[in-house]
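Everything below concerns the one structure shown next.
The values are calculated or read from the model by the stated rules, or taken from the named source; none is laboratory data. Just so it is clear, the structure is predicted and the values come from calculations on it, not from any experiment. Here the Cβ is made from the backbone with ideal geometry for all residues, glycine too, and neighbour counts use every protein chain on show.
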Amino acid sequence: MVNGIPRQGDIIKLDLNPRKGHEQQGFRPVVVLSNNIVPQYTNVVVVAPISTTQRRLPLYRDLPPGIITKGTVLLDQLVTLDYTARSFQFIETVPSDFLLQLLDVVRRIFTA
């Protein structure tokens, strides 16, 4: 995080409410996936929620060992959030090789 702006690869904790249906809800960690240019101009970031689910789906990736946050990144539940409207707390930054893995999966979601 730089100057109060979340950066790509940061794990931040924020309130995802209001949500509906099977969407992840509540005050929880998310990983920022949007590049660092987006929040400079729009106050929004694209994030993927982190859960403690035991389900193993193709779009889920377990966080790597050696970081504080534990759980699974749910890449099927990407969401765009205004980080200035939802106060957030910086937790840590994921290793760059893991971030590249996440971005590779996301890229496959949007390409044929």
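What is the residue count in the stretch 65-90 for residues that are farther than 19 Å from Asn43 by Cα, under 14 Å from the mean Cα position of the chain (by Cα) and not hydroxyl-bearing (Ser, Thr, Tyr)? Give the steps one after another, and end with the answer.
Quick first cut of the stretch 65-90, residues farther than 19 Å from Asn43 by Cα only: 65-77.
Keeping just the survivors that are under 14 Å from the mean Cα position of the chain (by Cα) gives 69-77.
Subsequent filtering for residues that are not hydroxyl-bearing (Ser, Thr, Tyr) retains 70-71, 73-77.
Selection size over the stretch 65-90: 7.
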Any chance Asn35 is surrounded by fewer than 19 Cβ atoms within 10 Å (Cβ to Cβ), at pLDDT below 90 and within 14 Å of Gln8 (Cα to Cα): no
Could you check how many residues of the stretch 75-94 are farther than 11 Å from Ile11 by Cα and not in a strand (DSSP E or B)? 9
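Just to verify a result, which residue in the stretch 49-71, among those that are over 24 Å from Phe90 (Cβ atoms) and touching an Asp or Glu at 6+ places or on another chain (Cβ under 8 Å), is modelled with the lowest pLDDT?
Checked the stretch 49-71; the qualifying residue modelled with the lowest pLDDT is Leu57.
Step by step: first the residues of the stretch 86-112, then only those that are among the small types (Gly, Ala, Ser) and in contact (Cβ under 8 Å) with a residue 40 or more places away in the chain, then the one that is farthest from Arg55 (Cα to Cα). Which residue is that?
Of the stretch 86-112, the ones among the small types (Gly, Ala, Ser) are 87, 96, 112.
The next check asks that each one be in contact (Cβ under 8 Å) with a residue 40 or more places away in the chain; those that pass are 87, 96.
Numbers: Ser87: 29, Ser96: 25 Å.
In this case the residue turns out to be Ser87.
Yes/no matrix, rows are residues, columns are (1) surrounded by 17 or more Cβ atoms within 10 Å (Cβ to Cβ); (2) at pLDDT 95 or above; (3) of a type in the set (A, V, I, L, M, F, W, C); (4) under 28 Å from Asn3 (Cβ atoms):
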residue: Leu81; (1), (2), (3), (4): yes, no, yes, yes
residue: Phe88; (1), (2), (3), (4): yes, no, yes, yes
residue: Ile91; (1), (2), (3), (4): yes, yes, yes, yes
residue: Asp97; (1), (2), (3), (4): no, yes, no, yes
residue: Phe110; (1), (2), (3), (4): no, no, yes, no
Can you give me the number of residues within the stretch 46-69 that are loosely packed, with under 10 Cβ neighbours inside 10 Å and either farther than 16 Å from Ser96 by Cβ or touching a strand residue (DSSP E or B) at 6+ places or on another chain (Cβ under 9 Å) (or both)? 6
